[in-house]
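The next block holds one structure in the form of structure tokens; read it before the comments.
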Amino acid sequence: MRWVFLGFFVALNAAAADTSDLTKDRVRAEFLHAWKAYEQYAWGHDELRPISKTPRDWYGESLLMTPVDSLDALIMMGFKEEADKATALIVEKLSFDKDISVQNFEVTIRLLGGLLSAYQMTGDERLLRLADDLGTRLLPVFDSPTGMPYRFVNLRTGKTSGPKSNPAEIGTLILEFGTLSKLTKKPIYYDKAKNALVQLYNRRSKIGLVGEEIDVESGAWTNRSSHIGGAIDSYYEYLLKCARLFGDKDCQAMWLTSVRAVNKYVADTAPSGFWYGEVDMESGKRIAPHFGALHAFFPAVLALGGDMRRARRLQDSAYKMWTLHGIEPEVLDYRAMKAVYPGYPLRPEIIESAYYLHHYTRDPRYLAMGRTFFNDIIKYCRTDAGYTTLKSVVTKEKGDLMPSYFLTETLKYFYLLFAAEQRVILNEVVFNTEAHPLRRVMTR
Ligand code: DMJ
């Protein structure tokens, strides 16, 4: 197995040494600009607030969100010195023995995912030990009457809270917990996450849809709104990716049934284009013509699933959403073509979709889209200390946060889109929902 890691690592670094592509170099330069700002103003903390130049910790104490989330991107882009420094910080300072109640979903996709991908790239056992410790501390979330996870768990005491959850938080765990299982040879991680996924799927409506909120104790839906946006999005992504990463046939069957229902009831055609809106999960009746920055992951997933026709059409619509104000809003009314929630928290999904579509079609239009996204983000979100969110894409008023996913997702997908020699990576890994590349673990 070792040669797989090393081959991967060498290929990535050889690729990073090639500086012939100007745009790729611009991405690297902007990544370094953001990373250096984190180093200068927030080192050792979760995230940077770039306007006030102050750190932000999610739970009072730092879990090193930005360094752990960014480590594989640093390695991938060839920033060896920075990667070594981040690794030293993580290994010396990161402890999960903390009396804090954390959100299982975010910690799984950012920290567990980041530790596992960095471990697979480097073979550094200390990262796997941290991942295993974290996984053990998160396991109590699954101790609900249905087996679907609670939203929060205290890392020290194991006390859980938050029974009202949603498909994204319940169904976006199998890639990380599954990989941890394969690497540690502890089946419990895979089994618990898979059971949660199946329990959720089994509660789909007669027409095959899921809602936006479910009680993990009673198993009853508490919000019947069905869509592909926040609170549901990555549940669909993980059904497909679980099949791809683990060859899990149940996941493949659940994905096919689910995407069929989504295409039948949630997809919508308006004068402005092809979209996916909001419907009632039981009747399929339309609730709202809303699509936003989070929904924009779906062209990538459709393309990964082989549905290039819908993927292309939806990406064209998402591009219209972006160009309406020169940067995308969090939520758009696609019939009125008006921003419903006008913020832009530096989200990556539309860039991720351009990357997948370019990978599968080689159509230069997706490179052109990528250039537009990149230039607009530089224009409106760059500060002298990294990048910041926008409170409104209409007024372009700035917020004060550089979320950890900006480095590991938004900039990584730009890099992958423009670094031609990196494109092969999509045939070799499965990206978790936080853009951490995971490799299939070969077991005898
Ligand atoms: C990331 O943490 C992940 O992509 C997640 O699936 C959705 N939200 C952010 C990025 O927008």
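The values are calculated or read from the model by the stated rules, or taken from the named source; none is laboratory data. Because the structure is predicted, anything quoted here is derived from the model rather than measured. Positions of Cβ are generated from backbone atoms using ideal geometry, with glycine treated the same way; all protein chains shown enter the neighbour counts. With ligands, DNA and RNA removed, areas are computed over all heavy atoms of the protein, side chains included. Shrake-Rupley method; radii C 1.70, N 1.55, O 1.52, S 1.80 Å.
Would you mind telling me which residue in Asp69, Asp132, Asp25 has the biggest mean-square fluctuation in a Gaussian network model of the chain, where springs connect alpha carbons within a distance under 10 angstrom? The residue that fluctuates most here is Asp25. For the range 37-117, the relative contact order is 26 percent, taking Cα pairs closer than 8 Å that sit 6 or more residues apart in sequence and dividing their mean separation by the residue count. If the chain linking Lys164 and Asp25 were pulled fully straight, counting 0.36 nm for each residue of separation and taking away their Cα-Cα distance, it would gain 45.6 nm.
The stretch between Asn223 and Arg365 holds 47.3 nm of extra length on full extension. This uses 0.36 nm per residue minus the Cα-Cα distance.
Taking every C-alpha pair closer than 8 Å and separated by at least 6 residues, the mean separation divided by the residue count of the range 270-331 gives a relative contact order of 33 percent. Give the residues of the range 182-208 whose amide nitrogen is closer than 16 Å to a point set 7 Å from the Cα of Arg440 in the direction of its Cβ. Flagged as within label range: 182-183. In this structure the amide hydrogen of Asn432, modeled in the peptide plane, comes within under 5 Å of the amide hydrogens of Leu438, none closer than 5 places in sequence on its chain. Spacing of the modelled spin labels on Ile207 and Ser52, each 7 Å from Cα toward Cβ, amounts to 4.6 nm. The alpha-carbon atoms of the chain define a convex hull whose volume equals 125 cubic angstrom per residue. Evaluating 6.51 cos²θ - 1.76 cosθ + 1.60 at θ = phi - 60° for every residue in the range 392-406, the Karplus couplings come out as 8, 7, 7, 8, 6, 5, 7, x, 9, 7, 10, x, 4, 5, 4 Hz, glycine and proline recorded as x. In the chain, a dipole from Cβ-located charges (positive for Lys and Arg, negative for Asp and Glu) runs towards its positive end, and of Ser95, Leu401, Ile378 it is Ile378 whose Cα lies farthest in that direction. Scanning the chain for cysteines with no neighbouring cysteine C-beta under 4.7 angstrom from their C-beta gives Cys381. For the range 201-351, the normalised intensity computed at q = 0.13 Å⁻¹ comes to -0.57 (log10 of I(q)/I(0), Debye sum over alpha carbons, equal scatterers, no solvent).
Averaging the sequence gap over all C-alpha pairs within less than 8 Å and six or more residues apart, then dividing by the number of residues, gives the range 78-147 a relative contact order of 31 percent.
Taking amide H as placed 1.01 Å from N in the peptide plane, Leu390 has its amide H under 5 Å from the amide H of Tyr344, Leu346, Gly399, each at least 5 places away in sequence or on another chain.
Find the accessible area per residue for the chain; the probe is 1.4 Å, ligands and nucleic acids are left out, and the unit is Å². Let's see the in-between values first.
Numbers: 15920 Å² over 444 residues.
For the chain, the per-residue accessible area is 36 Å².
Quick check: at a probe of 1.4 Å, how many percent of the accessible area of the range 214-336 sits on carbon and sulfur atoms? Carbon plus sulfur share of accessible area: 51 percent.
Each other residue within a Cβ distance under 13 Å of Val393 adds +1 if Lys or Arg and -1 if Asp or Glu, for a net charge of +2. Between the residues Ile188, Ala220, Tyr201, the greatest Cα displacement towards the positive end of the dipole of the range 178-255, with unit charges on the Cβ of Lys, Arg, Asp and Glu, is found for Ile188. When only the Cβ of Lys, Arg, Asp and Glu is charged (+1, +1, -1, -1), the dipole of the chain relative to its Cα centre reaches about 980 debye.
For every helix of n ≥ 4 consecutive DSSP H residues, a contribution of -39,500 (n - 2.57) applies; sum these over the chain, divide by its total residues, and give [θ] at 222 nm rounded to the nearest 500 deg cm²/dmol.
On the way: 17 runs with 212 residues, N = 444.
Using -39500 (n - 2.57) per qualifying helix, the result is -15000 deg cm²/dmol.
Under the rule of at least 5 residues apart or a separate chain, name every residue whose amide H is placed under 5 Å from the amide H of Thr222. Amide H neighbours of Thr222: Glu213, Ile214, Asp215. Measuring between alpha carbons in the structure, the pairs from Lys285/Lys391; Lys192/Lys241; Lys320/Lys412; Lys159/Lys206 lying more than 28 angstrom apart are Lys285/Lys391; Lys159/Lys206.
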